[in-house]
Amino acid sequence: GYSQTLQAAINYAWQKDVVVVAAAGNSATNSLFFPGAANYVAGIAATDINNNVASFSNFGNYVALAAPGVGIRSTIPTYPVSLGCCNYGSLSGTSMATPFVSALAGVIAMTTPNTSAAAIVQRMEQTAASAAANGVWCCSGTQNGSIGYGIINAYKAITGSPRLTSTG
């Protein structure tokens, strides 16, 4: 749920020009999920291998962007091996999609120094893949809600090839 303490921390980060992204949640609902729905946070939905909204992903007005979130390789231990370390496993969730957006924000910041947090988020939004002319991506089937501006497109975001967006 909402936390004033967490919102204060997010406000502080935003004032220091930090991009804040958070998972939108895995309940297949448009109910607010925090911190993804907090002010100054880009809420991130998950998509599957076919670029469809993942069946579990939350959606709604607080979602800014989407990224792959189904069957993502992770450093979760699955079983011990002879070297004493562990293998990788596949996980699904909006928390698996969020690091893709965080990484893209970092690459944009690195390739375009002194770009503000707001401009970085806007660039990701304006370059996201969307089926709609104005940039809003709507779900189909049982999920009839927004996943924001669409699915991140790293190449377009880094090269600065935006499309016009008006809503999300």
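Which condition breaks for Met96 when tested against (1) open to solvent by 40 Å² or more (accessible area, probe 1.4 Å); (2) without any contact (Cβ under 8 Å) to a residue 60 or more places away in the chain; (3) in a helix (DSSP H, G or I)?
Every condition holds for Met96 apart from (1).
Does Gly36 satisfy the condition of being closer than 23 Å to Thr5 by Cα and under 12 Å from the mean Cα position of the chain (by Cα)? Give the steps one after another, and end with the answer.
On the way: closer than 23 Å to Thr5 by Cα: yes; under 12 Å from the mean Cα position of the chain (by Cα): yes.
Here the answer is yes, as Gly36 does meet what is asked.
Restricting to segment 110-121, name every residue that is part of a helix (DSSP H, G or I) and under 16 Å from Lys156 (Cβ atoms).
Thr111, Ala119, Ile120, Val121
Against the conditions (1) at pLDDT 95 or above; (2) over 15 Å from the mean Cα position of the chain (by Cα), where does Ser102 fall short? Just the number, please.
The single condition Ser102 does not satisfy is (2).
The values are calculated or read from the model by the stated rules, or taken from the named source; none is laboratory data. Given the structure is predicted, the values throughout are model-derived calculations rather than measurements. Positions of Cβ are generated from backbone atoms using ideal geometry, with glycine treated the same way; all protein chains shown enter the neighbour counts. These area figures cover heavy atoms from the full protein model, side chains too; ligands, DNA and RNA do not enter into them. Shrake-Rupley method; radii C 1.70, N 1.55, O 1.52, S 1.80 Å.
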